[in-house]
Every structure is written in structure tokens, then in C-alpha cells.
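The structure appears right after this line, and notes come after that.
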Amino acid sequence: MYIVIAGGGKVGSYLARVLVKKGHTVAVVEKDERACLALSDWGEALVINGDCCDLSALIDAGIERTDRFAAVTGDDANNLVACQLAKVRFGVPLTTARINDPRNEDIFHKFGVDYALNSTNILATVLEEGIMTKDFIPLASLAKGKAIIVELQVAADAHVVGETVRQQTWPQSCVLTSIIRDGEVIFPRGATVFNAGDTVVALVSPAAQRQFREVFR
């Protein structure tokens with residue numbers, strides 16, 4: 001896919017590298033010259049030194065042919081405007097925005113941003129629930145925090161090692177989405193066996209997180 005990212009700071013540059021590694025073609029729009037130089041030195045993405053709210057900068061980045069657009073700057077207003085331009089002006093099929101201030105989340109949804117990721121709410125949930133461990137990581141929240149995508153690494157001494165998915169008692173508000181093993185993605189079925197070191201990705205409700213972790217105790 002062709003993907004345009006608005007914002008080439010720490011979040012945007014990391015995202016660009018991840019997407020390129022997965023085989024996508026990426027363009028980044030960033031107004032800070034130093035950040036642009038760092039990305040240009042990397043040399044794997046098209047880098048446009050400009051304002052993500054400027055039509056000409058977006059056009060230079062190839063917005064008219066992009067499949068996905070992500071606005072991940074540190075300014076919510078810029079992220080919202082950039083997504084609006086991508087969606088309404090250029091007809092980009094899917095837009096994603098980073099939300100820096102949780103109070104702005106409703107605005108992003110009202111203005112039709114497809115995915116608005118509120119990292120502050122995710123972190124607050126992690127701290128409040130006391131679930132910040134090296135083996136369990138909340139990745140993103142959906143529907144204003146009603147569901148959370150989580151990642152968990154299966155420890156060598158976890159009781160699930162050598163057992164199948166269907167042998168476990170899962171929370172009702174939980175969907176096991178994938179298992180990453182040796183760089184490969186496995187879509188689990190009932191007969192899928194857990195190995196030590198597997199990275200398990202799931203969609204769970206906030207209330208089901210502790211019970212989900214218990215499965216891998």
C-alpha cells in the first residue's frame with residue numbers, strides 16, 4: 001500500500017520504519033528541517049518538508065493516490081485538519097490520527113476520522129489497573145476505551161505451554177486475534193498449541209484484562 005504520514009518526529013519516523021519494513025511505500029510530511037534530514041538520511045521513504053495542513057505539501061507527498069493516511073504530530077488541531085483534508089478533499093479511504101489531549105477525542109470521532117488513537121487513555125488504564133509489566137503491553141484502545149488491543153509474551157513456565165487454545169478458559173469479553181512466532185503470524189484455531197516465547201495479540205475489554213493475564217500465569 002501507499003501510505004502518507006503527517007508528522008516525522010519520534011512517532012512518525014518509527015511508524016514509517018515499521019511500515020517500510022512490512023513492504024509498504026511510505027511518504028512523510030514534516031515541517032521541522034532536522035527531522036526531515038534524519039528521515040532523508042535513512043533513505044527509505046519520500047520526505048516532504050512542509051506543513052501537513054498545506055494542500056501543496058500533501059499533494060507533493062502523493063496524497064491523491066494514497067491508500068492510508070496517518071496524522072501523528074504533537075498537535076491535535078493539525079492532526080484533525082490533516083485527516084479532514086485527506087478524507088474530504090482527496091478521498092483517502094482510511095484515516096488514522098494520534099490524539100494528544102483526551103478531551104479532544106469526541107471531536108475526532110464527530111469529524112469522521114476512522115481511527116483516533118488516544119495514547120493518554122491507554123497509559124492511564126495501564127497505571128490505574130497496575131498492569132504494566134514487561135510481558136503484557138496494551139497497544140491501542142478502541143471505541144473510546146471500551147476495548148483494548150493487548151500484547152502478551154508467553155513465559156517459559158506458563159502453564160499454557162504445550163496446550164491448545166481450546167483447552168483454556170477465556171474471558172467472555174476476549175478475542176484471540178493472532179500469535180507471532182519466529183517472525184511469522186499465526187491466526188489461532190482451537191487446535192493451535194502455545195509455545196514458550198510466543199507473542200499473543202488479543203482484543204479484550206478493560207474489565208477482562210486481569211482474567212486474560214491469568215490464562216497465561
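Relative contact order (percent) for segment 131-215, with alpha-carbon contacts under 8 angstrom and 6 or more residues of separation? Don't skip to the end; give the middle numbers.
Values: 157 pairs, mean separation 30.0, N = 85.
Across segment 131-215, relative contact order equals 35 percent.
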The farthest towards the positive end of the charge dipole of the chain, of the residues Gln209, Ala16, Cys174, given +1 on Cβ of Lys and Arg and -1 on Cβ of Asp and Glu, is Cys174
Using modelled backbone amide H atoms (1.01 Å from N, in-plane), which distant-in-sequence or interchain residues come within less than 5 Å of Ala147's amide H?
-> Leu142
From the Cα gyration tensor of segment 1-83, with a ≥ b ≥ c the square roots of its eigenvalues, which class applies: rounded if a/c is under 1.5, or else prolate if a/b is larger than b/c, or else oblate?
-> rounded
What net charge is computed for the residues neighbouring Cys36, neighbours being all others with C-beta under 13 Å from the C-beta of Cys36, Lys and Arg scored +1, Asp and Glu -1?
-> -4
Per-residue HN-Hα couplings for segment 177-189, Karplus 6.51 cos²θ - 1.76 cosθ + 1.60 at θ = phi - 60°, whole Hz, x for Gly and Pro?
-> 9, 6, 10, 9, 9, 6, x, 10, 9, 10, 9, x, 10
Cα centre as origin, Lys/Arg/Asp/Glu Cβ charges: the chain dipole, Debye = 520
Would you mind checking the tilt of helix 33-42 against the longest principal axis of the Cα atoms of the chain, expressed as 0 to 90 degrees and rounded to 10?
-> 60
Choice from Ile48, Ile107, Ile179 showing the highest fluctuation, given a GNM over the chain with Cα pairs closer than 10 Å = Ile107
Holding the Cα-Cα limit at 29 Å, pick out from Lys21/Lys146; Lys22/Lys87; Lys21/Lys87; Lys31/Lys146 the pairs that are longer than that.
-> Lys21/Lys146; Lys31/Lys146
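Relative contact order for the chain: what percent, with Cα pairs under 8 Å and sequence separation of 6 or more? Numbers along the way, then the final one.
Working: 430 pairs, mean separation 28.3, N = 217.
That works out to 13 percent.
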Does anyone have the angle between helix 10-21 and the longest principal axis of the chain? Alpha-carbon axes, 0 to 90°, nearest 10?
-> 70
Assign unit charges at the C-beta atoms only (+1 for Lys and Arg, -1 for Asp and Glu), then state the dipole size of segment 1-78 relative to its Cα centre in Debye, rounded to the nearest 20.
-> 420
Helix 119-129: angle to the longest alpha-carbon principal axis of the chain, degrees 0 to 90, nearest 10?
-> 20
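Can you give me the relative contact order of segment 2-119 as a percent, contacts being Cα pairs under 8 Å and 6 or more apart?
Values: 241 pairs, mean separation 26.6, N = 118.
RCO, segment 2-119: 23 percent.
With a Förster radius of 45 Å, plug the Cβ-Cβ distance of Ser178 and Glu64 into 1/(1 + (r/R0)^6) and report the FRET value to the nearest 0.05. List each step's numbers first, then the result.
Values: r = 33 Å, r/R0 = 0.73.
According to the calculation, E is roughly 0.85.
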[x] 15.7; [y] 10.4; [z] 12.7, with the label sought being that of the calculated mean projected area of the Cα convex hull in nm² | [z]
Here FRET efficiency (C-beta to C-beta, Leu94 to Ser40, R₀ 25 Å, nearest 0.05) is 0.40
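Bear in mind that the values in this text are calculations on the coordinates, not laboratory data. Remember, predicted model here, so these are calculated numbers, not experimental data. All Cβ positions, even for glycine, are placed from backbone atoms using ideal geometry, and neighbour counts span all protein chains on display.
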